Amino acid sequence: MEPAKYKRIVLKLSGESLAGDQGFGINPAVVEDIAKQIKKIRERGVDVAIVVGGGNIWRGLAGSAKGMDRATADYMGMMATVMNALALQDALEKLDVDTRVQTAIEMRQVAEPYIRRKAIRHMEKGRVVIFGAGTGNPYFSTDTTAALRAAEIEADVILMAKKGTDGIYDSDPNKNANAKKFDSLTYIEILNKGLQVMDTTATSLCMDNKIPLLVFNIDDHENIVRAALGEEIGTTVGGNE
């Protein structure tokens, strides 16, 4: 069996990736497929932590743009991420993968509160840990959550699964047929070029903590496994030079 490249990963899933082609809500078949890939990664001995977004249910920025209080809209978005985290936990545990959901906002009836040392201990025992409710603070994205948690648990890499794109381009490939794909970038280049990979807070966190990032297409049903094994797919980001 081919060894995995990484010992500990943070898998960043957008909320939209859980919706599949329906574009909204949670598609059980898609969630099951993602869970099967995560199980394969765990079987290679990789510690897996997951940060999931909530855009398939609610986007705080969208609510704010329509006049809702920004903090309130963002807290609603955090609740949406917890719904996705629970759906993913259910799919994983049906495959006999021990899973824990930890949330940045306490809701003990449905999940554990986020405790860094406990999250690490869960992974050491072979459990998948899913981080819900973002950072617990408004104005911060789940990309920032992924960067923060990766630094806290000393992950080897952030695997950022994107829907509809196979890496980082200099412009939107869905709008520009001549868009150029990057095989590799540095975080400084992302900031200087203004590339919309992750928000500037998340990018700076990754850069300051020297956390590599791999951006790839989740639409291919084995790409999460390929990314964890270290295959050359998507776009790699790292380094400060």
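The values are calculated or read from the model by the stated rules, or taken from the named source; none is laboratory data. Quantities reported herein were computed from a predicted structural model and do not represent experimental measurements. Backbone-built Cβ (ideal geometry, glycine too); neighbour counts: all protein chains shown.
Could you tell me whether residue 114 is farther than 26 Å from residue 30 by Cα, of a type in the set (Ser, Thr, Tyr) and surrounded by 21 or more Cβ atoms within 10 Å (Cβ to Cβ)? For residue 114, the condition - farther than 26 Å from residue 30 by Cα, of a type in the set (Ser, Thr, Tyr) and surrounded by 21 or more Cβ atoms within 10 Å (Cβ to Cβ) - is met.
Residue 204 meets all of the listed conditions (1) farther than 23 Å from residue 22 by Cβ; (2) modelled with pLDDT under 90 but one, namely (2). With respect to (1) surrounded by fewer than 22 Cβ atoms within 10 Å (Cβ to Cβ); (2) more than 22 Å from residue 208 (Cα to Cα); (3) hydrophobic (A, V, I, L, M, F, W, C), the lone exception for residue 78 is condition (1). None of 55, 67, 60 is in contact with a Pro (Cβ under 8 Å, 6 or more places away or on another chain) and modelled with pLDDT under 95 except 60. Select from the stretch 164-187 the residues that are touching a Ser or Thr at 6+ places or on another chain (Cβ under 6 Å) and surrounded by fewer than 20 Cβ atoms within 10 Å (Cβ to Cβ) and list them in ascending order. Of everything in the stretch 164-187, those that are touching a Ser or Thr at 6+ places or on another chain (Cβ under 6 Å) and surrounded by fewer than 20 Cβ atoms within 10 Å (Cβ to Cβ) turn out to be 179, 182, 184.
Could you tell me which of the residues 179, 202 is of a type in the set (Gly, Ala, Ser) and in contact with a helix residue (DSSP H, G or I) (Cβ under 6 Å, 6 or more places away or on another chain)? So the residue among 179, 202 that is of a type in the set (Gly, Ala, Ser) and in contact with a helix residue (DSSP H, G or I) (Cβ under 6 Å, 6 or more places away or on another chain) is 202. Taking each residue of the stretch 171-188 that is of a type in the set (Phe, Trp, Tyr) and looking for partners that are surrounded by fewer than 13 Cβ atoms within 10 Å (Cβ to Cβ) with beta-carbon atoms closer than 7 Å, six or more apart or interchain, yields 187/240. Take the residues in the stretch 117-134 that are β-branched (Val, Ile, Thr) and buried (at least 19 other Cβ atoms within 10 Å of the Cβ), then tell me which one is nearest to residue 15 (Cα to Cα). Here the answer is 130.
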